[in-house]
Amino acid sequence: MSLLDTIGSLVGKSPEGGGQQALVSAALEFVNNQPGGLNGLISSFKEKGLGDVVSSWVGNGENQAISPDALHSVLGSDVVTNLAAKAGVQPDQVTGLLSQILPHVVNAATPDGEVPAEGKLNSTTVLGALGGLSALFGKGNA
């Protein structure tokens, strides 16, 4: 399944258990499919004046948040519209999901504050580092 299919299958579901893991996996796939992997994504953020934001995710300090609109700016309208059309959702839903997940995924993929040499994120390492995924999404459902 592609990222688009994964996101489409997640829309409308509460992020619990497997849903959270699938969403994190979709974010990993998204990063790894960027030209240059994480390095390419970081370059895109820097070009849009958001280098400090993405650097906070790579570094060992607190992650800066990113708004869906700012993420939309980095990805570009064509990419967001394409993702939304293929997933069958509104563009703000795609960027909304990724704006919540991406900081945690990048942070977990760079535990020593360094981008992997090849720029590719290892899903096993990231999912293991994230551990309790419910922490990513605030309070869980009762």
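Every number here is computed from the coordinates shown, using simple stated rules; none is lab data. Because the structure is a prediction, the values reported are computed rather than measured. Note that each Cβ is placed from the backbone with ideal geometry, even for glycine, and that neighbours are counted across all protein chains shown.
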Once both label points are put 7 Å beyond Cα along the C-beta direction, the N60-L127 separation in nm becomes 2.8
For the stretch 35-45, in residue order, the Karplus 3J(HN,Hα) values (coefficients 6.51, -1.76, 1.60; θ = phi - 60°; whole Hz; Gly and Pro = x) are x, x, x, 4, 4, x, 5, 4, 4, 4, 5
